[in-house]
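Heads up: the structure comes next, in structure tokens.
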Amino acid sequence: MTSALTARTGALRRRIAGPRRPRLAMLRLVWRQHRGALSVLLSLSAVAIGALVLADLYDRRFPVHLWRTFLWQGYGPNYPDLAMQAIPLAAALFVGVPLIVPELEDGTANFAWTQGYGKARWALSKLAAAAAVLVPAAVVLGLVFGWWYRLYAPATGYFTMHAFALYAPALAGWTVLGLSLGMASAALARRERRAMALTLVGWVALHHYAVVGSPRTQPGALWPLQFIQLAILLAISGVLTSGVIVLIQGAPAIGGMPRLLRAVPTRAAPDAQVLARQLRRRPIMAGPRAAWRQHRAGLLIGLTVLGLYAAVLAITGLHIHAEPARLRPRYASFATLYLPGASTDGNFLLPLLLPFLIGPFAGASLTGPDLEQGTVRFAWAQGVTRSRWAAGKLAAVGCVLVAAAVATGLIFQWWDGPYLAERLADPWFGLYAPVYAGWMAVTLTAAALVGALTRTRTFAAVACLAGTLVAAAANAEFLRGHYLPTAVAVNRPAPPGSLFVNSYVRHAGALPSAIYTRVLQDFDNSTAWTGIERALTRYHATNILVYHPASQFWQLQAIESAALFALALLFGAATVWVIRRREA
Amino acid sequence: MAIDKGQAATGSVAFRLDHGSGVPTYLQLVRQVEQALRLGLLGPGDQLPTVKETVESLAINPNTVMKAYRELEHRGLAAGRPGLGTFIKAKLQRVGGAEQAALARRLAAWMRHAAAAGLDDQSITAMFDAVLRNLHEYEDGMSA
Amino acid sequence: MTVLQASALSKRYRAVFALRDCNLAIPDGSVTGLIGPNGAGKSTLLHLAAGLRRPTTGSIRVLDGLVPGSSSALESVGFVAADAPLYRNMSVAGMLQVSRDLNPVWDGRYAVRRVDELELPLTAKVGALSGGHQAQLALTIALAKRPRLLLLDEPLARLDPLARHQFLGLLMAAVAADGISVIFSSHVLTELGRICDHLVLLSQGRVQLAGQVEEVLAGHEVLTGPADQVTSLPATLAPIRIAQAGAQVHLLVRTHRGREPEPAPAGFAVQPTVLEELVLAYLGEPAATALPGPEFAGPAGPV
């Protein structure tokens, strides 16, 4: 052995044989086991912080109108907003759930529980360790957001769905709550996909009921309400964590599942004769059938989530279509989408976020687990070549999910029918069938590719979630304006329903920023422009407004979805190519 | 207690192998068939177990069983019928009672000589086994 | 007709050679045992033959020239990896149906009959079965494919003695019924001796010994004699292994040392060797290789 090697093992030996447990043992352990997902979330926070800082530095000179989207207070979230608000949810799904589920499934929890770590301490240590990594990032992001938002808050308000959850106290609170919600779902469901579905449901419910503040609250109450929100969220986290401890005290680590979730019905045992008959001839579409059989469980959960969203659309849509004139303005706020009469301030990101949650997880599950667990040694030794196996999986699962996304998008289009004015804006643009299905296809194939490259599932899923969200935000801000030739309006508003691309002022004197803010806020609101025009004349300023008129809606949809599907095909082909080159 | 009828589907001899005895496997099979013939458990026209059944219950290479059956054919005791199996063809010559008694007397005389020369029981048994083994190998070498 | 032909086959993982310059020609209709210490390259060789990995240099072909991993090879070659990888969360019936879907030729009736004989419940999750049952199921699925060549990587590792016996019995019945060729790696020498008619000994990535078991055994003998006469023995003896205990010494030597058959040196008795002794001797001396005769190893050079 070389001296370097002995030196390294010597240090390792000393560490293991030392008298005391090293400091921060649980933090080290959690980091080691979950560093993939945690790094992705930290990177996403860093990207968001960077984008906010850049936006502020370059302001109007740089065509990043990140802040532009925040000025529309009446509208639902869009991709940049989504990227930031998804961080606590991603923490819940991809850190909170995996903190508990694998150890309960494998029984390695028994190891920890017999090493001098009581069950309660184990659960709390895990939560504390994950929070120790994520909460500082959330706090920094929240502070940067608060600083960046200071200029726009007076115009748009502190208590909109865009802003309130992103301030430091609230964001930190949602992160801790997300982690404990993930852990609680995991302790209850004990299986990964069920726990994730349960987490999503819990998240929606909490965002509906646990939010304080409304548009009518006084601005001065911002910080008191922020800390009240934090306290509420931490209190709920405490309840959930206690629930985790209670749940793991009682039942055994492996196999035991609470009766509640054991009620999922299983199919009756196939008769041997029937099975032999079924196995006699190779059925048509054998490859996709094998893929369906392998991924059936997860796919059904994903389809159920999409189905719930579609059901909500259907129910409220019937309601709206009965009295469109009266009801549609009430449903203008996207938050009321799922419950008639609900408050307008719930943070409701899920519809737009669904392709970025379901797609990555489904895609990563196609390639990651087989490579990770070594079952490729079975799959690649059967009678079909690897390329056909991979292509069959992608085609089978891709078609099902894309079809579901198209169906959901069409239901949304029917829902949106009576109210066509804001279609070009997000989230509406992103919720229509072509683009919705396009993003589902892209996230699915990108995650399959990353899963094949990294041989992991959770890391591939969360990395694709973050990556595609950032890509979607960048696309919405930078690229969408350039798909087609734009129209220009000089010193006048754009027609209603237009998509804002850019606006700049040529002025002799200094135009107050308040006026310019109003230009951007009301760019397609002709009634508000009379005052703006007067101000522009007074300051001898010329405003050039670049926009896409609403009539170009379907062309823009077609271009974006064609590009997305082409990208998805490229990712799919790349996945098949990587699988061909992989060694088992 | 359940009786393991593993091998008995077609043939009426159950094989038992002693892997540590130093005797080649195929020879053990041949001798067990001969023993069954000697004891009258098998007669002409009886079918020997198929190769497939035998290897499944003994976990040995099929070639070993085929070699044993070929040896039995060579010794004139069995004949294979294509598609049907291997069947006993002839009886083993039985040694008469008087002849057996005479052989036993001669063996006892030899043993008295060996004991008088100073061999104990174990040495006698060892010598007996070695000579018997050499005899069989010589015979098998001649017939192979 | 050869079921496996390797020519100057090498496989490297980063800096380590798992297989180095291997030449093999394994004939049709054989049951070949792949023996060697851990890390000798047995798994690597099987994975290369199954098409799960690609050689670094040299070539490997199965069933008279098929490239491993091509669709014609995949249809005729069955493979069961170590620890029998199957989908843990799937039921036994589901596993059979997936195998049906993934193979153009597959005998479902045979599979169901075997599963019934093994008394595996059709709805049990694969992960809940014992190690022995999982191995049996994996073998059943591989055999249901009606392969011409079956590759098994340490199939007996986690099986209890009864399960091992049943597994080998099932395997031998399939060999007897369909004439398939089997190549499998194992550490259990006694069982290898009972069922293998061909042998490949791998050590440190190289082929030490390859050939028919009977010929290999006939090609070696043990000389037993007084220890003080060892130094006076001719050098052409080139013993593979010398085992000394007190005043007596055993030498394992090859029988075909020169052109003429040589008598034993004076004072030494000749005995035949058995498989276990031979294998242990070679494994204990990694540098020793049996000089390959034309029937032992494949031609050098690319196929």
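Every number in this text was worked out from the coordinates using simple rules, so none of it is lab data. Since the structure is predicted, the reported quantities are computational estimates derived from the model, not experimental observations. Because the Cβ atoms are built from the backbone with ideal geometry, glycine has one as well, and the counts that use them run over all protein chains shown.
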At R0 = 51 Å, how high is the FRET efficiency between B:Gln32 and A:Arg581 if r is their beta carbon distance? Nearest 0.05 is fine. 0.35
Which percent of Cα-Cα pairs in the stretch B:22-144 sits in each 10 Å bin, short to long? 11, 32, 31, 17, 7, 1
Through the Karplus equation 6.51 cos²θ - 1.76 cosθ + 1.60, θ set to phi - 60°, convert the phi angles of the stretch A:127-139 into ³J(HN,Hα) values in whole Hz; use x for Gly and Pro. 4, 4, 5, 5, 5, 4, 7, 8, 5, x, 4, 5, 4
Here are some pairs, B:Lys52/B:Lys89; A:Lys126/C:Lys125; A:Lys119/C:Lys125; which of them have Cα atoms lying more than 25 Å apart in this structure? A:Lys126/C:Lys125; A:Lys119/C:Lys125
Given labels modelled 7 Å from the Cα in the Cβ direction, how far is it in nm from A:Ala322 to A:Leu27? 5.7 nm
The stretch A:561-574 - phi-based ³J(HN,Hα) in whole Hz, Karplus 6.51/-1.76/1.60, Gly and Pro as x: 5, 4, 4, 5, 5, 4, 4, 5, 4, 5, 4, x, 4, 4
For a bin width of 10 Å, list the pair-distance distribution of the stretch C:2-214 built from all Cα-Cα distances, rounded to whole %. 9, 36, 36, 17, 2
Mind checking the mean number of beta-carbon atoms from other chains within 10 Å of the Cβ atoms in C:41-54? 2
Using 0.36 nm per residue of separation minus the Cα-Cα distance, give me the extension gain between A:Asn502 and A:Arg121 in nm, one decimal. 131.7 nm
Just tell me, in residue order, which DSSP H segments of chain C are both 18 angstrom or longer along the helix axis (alpha-carbon based) and at least -0.5 in mean Kyte-Doolittle hydropathy. C:131-144, C:161-178
Average other protein chain Cβ within 10 Å of Cβ, residues C:84-96: 5
Label 7 Å along Cα→Cβ of C:Glu214; the stretch B:25-54 residues with amide nitrogen under 17 Å? B:25-31
For each of A:Ser43, C:Ser186, A:Ser498, C:Ser130, count neighbouring Cβ atoms within 10 Å of the residue's Cβ, then give the residues from fewest to most. C:Ser130, A:Ser43, C:Ser186, A:Ser498
Which order do C:Glu117, B:Glu34 fall in if you start with the one that has the fewest other Cβ atoms within 10 Å? C:Glu117, B:Glu34
Using amide H atoms built 1.01 Å from N in the peptide plane, name the residues 5+ places from A:Ser503, or on other chains, whose amide H lies under 5 Å from its own. A:Val546
Neighbour-count ranking for A:Arg289, A:Arg32 (other C-beta within 10 angstrom, fewest to most) reads A:Arg32, A:Arg289
Return the whole-Å distance between the Cα centroid of the stretch A:353-378 and the Cα centroid of the stretch C:144-191. 33 Å
Report the label-to-label distance for A:Arg492 and A:Ser526 in nanometres (one decimal), using points 7 Å from each Cα along the Cα→Cβ vector. 0.9 nm
Label point distance in nm, A:Met285-A:Ser242, each placed 7 Å from Cα along Cα→Cβ: 5.1 nm
Can you tell which of C:Leu52, C:Leu137, C:Leu19 shows the greatest fluctuation in a Gaussian network model of chain C with Cα springs below 10 Å? C:Leu52
Between B:Asp121 and B:Phe87, what's the calculated FRET efficiency when r is the beta-carbon distance and R0 is 56 Å? Round to 0.05. 0.85
Sorted by chain and then number, the residues having a modelled amide H within less than 5 Å of the amide H of C:Arg206, at least 5 places away or on another chain, are C:Arg20
